[in-house]
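Peer 1: Mind having a look at this structure? Questions to follow.
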Amino acid sequence: MEARKIYNRIAILRKEKSMTRKDLAEKIGVNFQTIGYLEREEYNPSLDLAFRISEVFDLPIEIIFSTKPLEPLSKLLYEKL
């Protein structure tokens with residue numbers, strides 16, 4: 001079975017926290033190149049890795065990752081208002 005593409009907001013969240021790829025990589029215990037692969041959606045994270053990333057950003061996994069293209073966070077916020 002072919003793996004599904006996993007979309008994510010890692011780059012946006014990382015930039016909001018003024019984190020480099022290296023900073024995030026050190027926090028979750030991976031090589032900084034792995035962060036680049038994840039951000040470019042060239043690599044799907046393991047469940048454990050997805051949880052570690054969600055813990056760094058203190059957000060639910062479903063806010064960071066999706067099997068469908070993600071809408072901009074600003075659109076989601078405006079819809080809630």
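Peer 1: Where the second residue is at pLDDT 95 or above and not in a loop (DSSP other than H, G, I, E, B) and the first is of a type in the set (S, T, N, Q) and lies in region 52-68, which pairs have Cβ atoms under 8 Å and are six or more apart or on separate chains?
Peer 2: Ser54/Ile61; Ser54/Ile64; Ser66/Tyr7; Ser66/Asn8; Thr67/Tyr7
Peer 1: Mind checking which residues of region 11-23 are surrounded by 14 or more Cβ atoms within 10 Å (Cβ to Cβ) and of a type in the set (Gly, Ala, Ser)?
Peer 2: Once the filter is applied, which keeps residues that are surrounded by 14 or more Cβ atoms within 10 Å (Cβ to Cβ) and of a type in the set (Gly, Ala, Ser), region 11-23 yields only Ala11.
For (1) assigned to a helix (DSSP H, G or I); (2) not hydroxyl-bearing (Ser, Thr, Tyr), each residue gets a yes or a no:
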| position | (1), (2) |
| --- | --- |
| Met1 | no, yes |
| Arg14 | yes, yes |
| Ser18 | no, no |
| Lys22 | yes, yes |
| Thr34 | yes, no |
| Pro45 | no, yes |
| Glu55 | yes, yes |
| Ile63 | yes, yes |
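Peer 1: Criterion first (modelled with pLDDT of 95 or more and buried (at least 16 other Cβ atoms within 10 Å of the Cβ)) does Asn8 satisfy it?
Peer 2: On the way: modelled with pLDDT of 95 or more: yes; buried (at least 16 other Cβ atoms within 10 Å of the Cβ): yes.
So Asn8 passes the test.
Peer 1: Out of Glu79, Glu71, Glu26, I need the residue that is surrounded by fewer than 16 Cβ atoms within 10 Å (Cβ to Cβ), modelled with pLDDT of 95 or more and at negative phi. Which one?
Peer 2: Numbers: Glu79 fails: modelled with pLDDT of 95 or more; Glu71 fails: modelled with pLDDT of 95 or more.
Going through Glu79, Glu71, Glu26 in turn, the sole match is Glu26.
Peer 1: Cβ contacts < 7 Å: first residue within 13 Å of Tyr37 (Cα to Cα), restricted to region 4-19; second residue part of a helix (DSSP H, G or I) and charged (D, E, K, R), any location; separation 6+ or different chain. Result?
Peer 2: Ile10/Glu39; Ala11/Glu39
The values are calculated or read from the model by the stated rules, or taken from the named source; none is laboratory data. Please read these numbers as outputs of a predicted model, since none were measured by experiment. Cβ coordinates were reconstructed from backbone atoms using ideal geometry, including for glycine residues, and neighbour counts include every protein chain displayed.
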